[in-house]
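Below is one structure, written out as structure tokens; comments come after it.
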Amino acid sequence: FLLNNKYIISSHVPLSGGRREDYLLKHSNRESNVHFFLVKAIEEYLRNFTNKIKLSESVEADIIFYSGRKKYALEIESGNSINDQKKLMQKVSLLNKKFGKDWFFVVADTPYAYKYEKFGNTLTRTTVCRTIRNCFENAKK
């Protein structure tokens, strides 16, 4: 039924790591399957801590969430934008202006982390959960 209604089967490594698993995805044509999966997986993880989450497919950060009164942003990167330095720098400038130091790149594949880290704090799928958890633990202090 779902496959007949524009869903697809897409294989991904979960945020916690481990073996690839198949997921049913239905998303817009603006983002890759990997990008969409990471946005939704991170959103699901964030729901353990807050419902104050905003997802965006526009020029804003992909994920914005609140921990206490503090606002954080996550920009998911599959590695494509590293080739368009001008567009990447515009995104970094916007994120710095809106979020100061409270934003992160989340890269789909670890090798991209080294390329993105010179532009901003960069996380991988294996480090993003710990960083999110720290945002909420720090808010309690």
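The values are calculated or read from the model by the stated rules, or taken from the named source; none is laboratory data. Note that the structure is a prediction, hence the values are computed from the model and not measured. For neighbour counting, all protein chains shown are included, and Cβ atoms are generated from backbone atoms with ideal geometry for every residue, glycine included. To get the accessible areas, we keep the full protein, side chains included, count just its heavy atoms, and leave off ligands, DNA and RNA. Shrake-Rupley method; radii C 1.70, N 1.55, O 1.52, S 1.80 Å.
Between Glu77 and Val106, Val107, Ala108, the built amide H atoms are under 5 Å apart, and every one of these is 5 or more places off in sequence or on another chain.
For the chain, what is the percent of antiparallel DSSP beta bridges, rounded to the nearest 5?
60
The calculated P(r) of the chain, using every Cα pair and 5 Å bins from 0, goes 2, 9, 19, 23, 21, 15, 8, 3, 1, 0 in percent. Ranking Tyr72, Tyr114 from most to least accessible surface, computed with a 1.4 Å probe over the protein chains only, gives Tyr114, Tyr72.
Per-residue 3J(HN,Hα) values for segment 89-106, derived from phi via the Karplus relation 6.51 cos²θ - 1.76 cosθ + 1.60 with θ = phi - 60°, read 5, 5, 5, 4, 4, 4, 5, 4, 5, 7, 10, x, 9, 9, 9, 9, 7, 10 Hz in sequence order (x marks Gly and Pro). Over 23 Å between Cα atoms: which of Lys26/Lys101; Lys54/Lys101; Lys26/Lys70; Lys40/Lys71; Lys6/Lys71; Lys6/Lys115 fall into that group? Exceeds cut-off: Lys26/Lys101; Lys26/Lys70; Lys6/Lys71; Lys6/Lys115. The orientation-averaged projected area of the convex hull spanned by the Cα atoms of segment 4-76 comes to 5.6 nm². What the phi angles of segment 30-41 give under the Karplus curve with 6.51, -1.76 and 1.60, with θ = phi - 60°, is a coupling list of 7, 10, 6, 4, 5, 4, 4, 4, 4, 4, 5, 5 Hz, glycine and proline written as x.
Stretching the chain fully between Asp22 and Leu2 yields a gain of 5.8 nm (0.36 nm per residue, less the alpha carbon separation).
Which of the trypsin sites (Lys or Arg not before Pro) found in segment 1-86 are loop residues per DSSP with 14 or fewer other Cβ atoms within 10 Å of their Cβ? Sites meeting the loop and neighbour criteria: Lys6, Arg19, Arg20, Lys26, Arg30, Arg47, Lys52, Arg69. Based on protein heavy atoms only, segment 38-141 ends up with 57 Å² per residue of surface accessible to a 1.4 Å probe.
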